[in-house]
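Novice: The structure is given below, and queries will be raised subsequently.
The values are calculated or read from the model by the stated rules, or taken from the named source; none is laboratory data. Only a predicted model underlies this, so the values are computations on that prediction, with no experimental measurement involved. Positions of Cβ are backbone-derived with ideal geometry, glycine not excepted, and every protein chain shown enters the neighbour counts. With ligands, DNA and RNA removed, areas are computed over all heavy atoms of the protein, side chains included. Shrake-Rupley method; radii C 1.70, N 1.55, O 1.52, S 1.80 Å.
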Amino acid sequence: MAAFYDVLADNMHHKGAPIYGRRFIEELLRVFRDAAEVVTVHDGSRCVAGAVTLTFKEVMAIPFLSSRPDALWMRPNVLLVWDILSRACSAGVRTLDFGTSLRGSSSLDFKLHWGAQTTPRSILVRALRGRPPAMDVESPAIRAGVALWQRLPRAWADALGPQVCARFLA
């Protein structure tokens, strides 16, 4: 779990996005117990990619999948997804839910390469204070926030991320 979380936090910082926090991932694994699994890919002793899977009946979902930006040249996500697919088949899983991706994103392209089919989903946002946040990733405010987050030292981003997510994304 620790190695996977470090990869996820590294990638989220690189993307300029706050992370839910280690306690959130640990709680997810605790609550789902035997239905949850952490799958990792290593280059020597260094974890370069990882995922959390949740399995219920004949469906396996991947709520978190990430790789280190400096390891992308090795394509560790290809090996990771191959391993997850193999585990899913061995477990008798009939549906693999890759999770959500933005239209036109490289994440969606990667998933479609594996034969995934898209299913439109509505995202409902309820503002606890004021108006709901704008979900436009091209807006100047969002772009400025991403640039600021990327410039933060990684330790600060890791410490502040759960607070930002709790206040603005929960």
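Novice: Would you check which residues across segment 22-40 are touching a Ser or Thr at 6+ places or on another chain (Cβ under 9 Å), within 17 Å of Asn77 (Cβ to Cβ) and surrounded by fewer than 17 Cβ atoms within 10 Å (Cβ to Cβ) and list them?
Specialist: Those that are touching a Ser or Thr at 6+ places or on another chain (Cβ under 9 Å), within 17 Å of Asn77 (Cβ to Cβ) and surrounded by fewer than 17 Cβ atoms within 10 Å (Cβ to Cβ): Glu37, Val38.
Novice: If you don't mind, there's one more thing I want to ask. Tell me which of these Asn77 doesn't satisfy, since it passes every other one: (1) touching a strand residue (DSSP E or B) at 6+ places or on another chain (Cβ under 6 Å); (2) among the polar types (S, T, N, Q); (3) outside any helix (DSSP H, G or I).
Specialist: (3)
Novice: Residues being within 29 Å of Arg151 (Cβ to Cβ) and either over 16 Å from the mean Cα position of the chain (by Cα) or touching a residue at least 60 places away in the same chain (Cβ under 8 Å) (or both): count how many of those fall in segment 23-51.
Specialist: Qualifying residue count, segment 23-51: 4.
Novice: Would you confirm, using the coordinates I've provided, whether Val137 is over 30 Å from Ala35 (Cβ atoms) and either of a type in the set (Asp, Glu) or not in a helix (DSSP H, G or I) (or both)? It would help to see each step written out before you state the result.
Specialist: Values: over 30 Å from Ala35 (Cβ atoms): yes; either of a type in the set (Asp, Glu) or not in a helix (DSSP H, G or I) (or both): yes.
Answer is yes for this residue.
Novice: Contact list please: Cβ distance under 9 Å, first residue in segment 106-130 and assigned to a loop (DSSP other than H, G, I, E, B), second residue open to solvent by less than 60 Å² (accessible area, probe 1.4 Å) and among the aliphatic types (A, V, I, L, M), pairs at least six apart or on different chains.
Specialist: Trp114/Val81; Trp114/Leu85; Trp114/Leu96; Ala116/Leu96; Ala116/Leu108; Thr118/Leu108
Novice: Looking only at residues that are out of contact with any Pro (no Cβ under 9 Å at 6 or more places or on another chain) and aliphatic (A, V, I, L, M) in segment 8-21, which one is surrounded by the most Cβ atoms within 10 Å (Cβ to Cβ)?
Specialist: Going through the qualifying residues, I end up with Leu8.
Novice: Continuing with the same structure: Working only within segment 115-170, note down all residues that are polar (S, T, N, Q) and at pLDDT 80 or above. Don't jump to the end; show me each part of the working.
Specialist: Taking segment 115-170 as the starting set, the residues that turn out to be polar (S, T, N, Q) are 117-119, 122, 139, 150, 163.
Answer for segment 115-170, where residues must be polar (S, T, N, Q) and at pLDDT 80 or above: Gln117, Thr118, Thr119, Ser139, Gln150, Gln163.
Novice: Pull up segment 107-133, narrow it to residues that are in contact with a Pro (Cβ under 8 Å, 6 or more places away or on another chain) and of a type outside the set (Lys, Arg), then point me to the one that is most open to solvent (accessible area, probe 1.4 Å).
Specialist: Restricting attention to segment 107-133, the residues satisfying the condition of being in contact with a Pro (Cβ under 8 Å, 6 or more places away or on another chain) are 125-127.
Those still in the list that are of a type outside the set (Lys, Arg) too: 125, 127.
Values: Val125: 65, Ala127: 35 Å².
Residue satisfying both the conditions and the ranking: Val125.
Novice: Continuing with this model, one more query. State which residue is farthest from Glu27 (Cα to Cα) when the search covers only segment 60-106 and only residues that are at pLDDT below 90 and open to solvent by less than 50 Å² (accessible area, probe 1.4 Å). Outline the logic, then answer.
Specialist: Quick first cut of segment 60-106, residues at pLDDT below 90 only: 99-106.
This time we only want the ones that are open to solvent by less than 50 Å² (accessible area, probe 1.4 Å), so: 99, 101, 105.
Numbers: Gly99: 19, Ser101: 24, Ser105: 29 Å.
Across segment 60-106, the extreme among qualifying residues is Ser105.
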